[in-house]
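Working notes, structure below.
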Amino acid sequence: MRPDTTEKGLETLIVRHMTGQDGLTPASTSQPGTAPLLAAEARAPWSGTGYLLGNPKNFDRAHAVDGVQLFAFLQSTQPDAFKKLAIANIADAKDINRLKFLTRLSSEIGKRGVIDVLRKGIEHHPAGHFDLFYGTPSEGNAKSQALHAQNRFIVTRQFAYSLDEARRALDLGLFINGLPIATFELKNSLTKQTVEDAVEQYKRDRDPREKLFEFGRCVVHLAVDDSEVRMCTELKGVGAD
């Protein structure tokens, strides 16, 4: 079999290294009140580097989060508070209580930025406080270690981020517990495209007015080829340096 020297081939190599899978066909099943079982969650313990494989269909474009992974995290780590949300099915995008929480979360990220929200969590009536991330535990603290182990580090490929009819998609995204941390545009010099082309793609094709690209909603945007990486924390469109 000939090696895949395309941009998609580079994408597959990255995802396979991180998750142990190629990410082309994320398997999922759903039951009322439960998260779809992502293929990565049933992976062999030695495969990948600890990342779960995200399902691009779970990305909520209106709120710029992976809602299924977010609620699966809350359900497993903070079950008592989660019950107070009265969400019937965490995968149901039309669930009114689910929408209320996502609206609250999106508002907090818009005001405070995703890093602060991950660090400090949010308050949501009537459930109270929700933690969105568990930090690195101190040595010997078994409870903190157990909580930290429940964080969900996720990589998702080819997910549509735009609300317009074009349904533009990004090559890769990294999420922590469903909240976006990094986006990637990949190029492969073997197809005569380089990191410069990825930078131009961010400037030309990625509208900074899209929810995901609003300043503070994602930590970093990365232009990558097989030999170089460039990054920025805020997209400003065509003409930006």
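The values are calculated or read from the model by the stated rules, or taken from the named source; none is laboratory data. Bear in mind that the values here come from a model prediction, so they are computed numbers and not experimental data. All Cβ positions, even for glycine, are placed from backbone atoms using ideal geometry, and neighbour counts span all protein chains on display.
So the values come out like this:
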| read-out | value |
| --- | --- |
| Among the residues listed as Glu214, Glu196, Glu228, Glu200, the single one being under 26 Å from Phe101 (Cβ atoms) and of a type in the set (Asp, Glu) | Glu214 |
| Any pair with Cβ under 6 angstrom, 6 or more apart, that starts in region 6-19 at a residue that is at pLDDT below 90 and ends at one that is of a type in the set (A, V, I, L, M, F, W, C) | Glu7/Leu186; Leu10/Leu186 |
| Residue within region 179-189 that is of a type in the set (S, T, N, Q), within 21 Å of Leu10 (Cβ to Cβ) and more than 21 Å from the chain's Cα centre (by Cα) present | yes |
| Residues that are within 16 Å of Gln75 (Cα to Cα) and not small (Gly, Ala, Ser), drawn from region 86-98 | Ile87, Asn89, Ile90, Asp92, Asp95, Asn97, Arg98 |
| Of all residues making up region 153-165, the number that are in contact (Cβ under 8 Å) with a residue 12 or more places away in the chain and surrounded by fewer than 23 Cβ atoms within 10 Å (Cβ to Cβ) | 7 |
| Members of region 101-143 that are in contact (Cβ under 8 Å) with a residue 12 or more places away in the chain, of a type outside the set (A, V, I, L, M, F, W, C) and under 15 Å from Asp60 (Cα atoms) | Thr103, Arg104, Ser106 |
| Among the candidates Arg206, Arg168, residue that is touching a residue at least 12 places away in the same chain (Cβ under 8 Å) and surrounded by 15 or more Cβ atoms within 10 Å (Cβ to Cβ) | Arg206 |
| Selection within region 207-241 - touching a His at 6+ places or on another chain (Cβ under 9 Å) and more than 22 Å from Ile14 (Cα to Cα) | Lys211, Phe213, Glu234, Leu235 |
| Matching helices (runs of 4 or more DSSP H) fully within region 42-146 where at least 1 residues are under 20 Å from the mean Cα position of the chain (by Cα) and among the small types (Gly, Ala, Ser) | 67-77, 96-112 |
